[in-house]
Amino acid sequence: MHDKRGIKLTKLLKGLALKGHAPGLVIVALFGVAIGLGLFTFNYGKGTSYFSDNPLTCVNCHVMRDQFEAWTHSSHARVATCNDCHTPNGFVEKWFVKGLNGWNHSVAFTLGGFHEPIRINDFNARVVQNSCVSCHETAVHQMISHFEETMSCVACHSGVGHDTRN
């Protein structure tokens, strides 16, 4: 027993191919496959979780588990999420950095181009430094002018965000 819909679709596709529409069909099919793979990957990678401030999002990647665990033991675990320290305060700036890091992390984790244990790059270290100063400005305003260009807060306070003593 044949499926009449399948036969009709086959006839339609053959008819379109005979009329010179085959290149267009190939492009549409490839575009559909790309969109489908993108949606599958986004869903498989828990993509919607990256729109939140939930620290559990950071452990979607196994390479971040040690950092997450160290954060749970830190003094900042009760007062700051990952995004509080690792993204800028402004709405546009925050989403730009999240998007940039999301892209860079997905490429690095997919292709394996990262150091283990994972290390912060210079750009993101500046983001963290700015976050420290933003939250603690009243306490550090006199030190900022003397040390900000030559020393970062985490040079002395490395275990504050990620306590690695445990």
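Points worth noting:
Quick grid of which residues meet (1) over 17 Å from CYS58 (Cα atoms); (2) surrounded by 13 or more Cβ atoms within 10 Å (Cβ to Cβ):
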| residue | (1), (2) |
| --- | --- |
| TRP71 | no, yes |
| ALA80 | no, yes |
| THR87 | no, yes |
| VAL92 | yes, no |
| GLY99 | no, no |
| TRP103 | no, no |
| ILE118 | no, yes |
| ASP122 | yes, no |
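- Lone qualifier among THR110, THR164, THR138 - being farther than 22 Å from GLN67 by Cβ, loosely packed, with under 15 Cβ neighbours inside 10 Å and either in contact with a helix residue (DSSP H, G or I) (Cβ under 8 Å, 6 or more places away or on another chain) or not basic (Lys, Arg) (or both): THR138
- Meeting the requirement of 3 or more residues that are among the β-branched types (Val, Ile, Thr), the helices (runs of 4 or more DSSP H) wholly within region 67-166 are 91-111, 122-147.
- Residue list for region 146-156, filter: within 20 Å of PHE123 (Cβ to Cβ) and at pLDDT 75 or above: MET151, SER152, CYS153, VAL154, ALA155
The values are calculated or read from the model by the stated rules, or taken from the named source; none is laboratory data. Computed from a prediction, not measured in an experiment: that's the story for all the values here. Please note: Cβ atoms are built from the backbone with ideal geometry, for glycine as well, and neighbour counts cover all protein chains shown.
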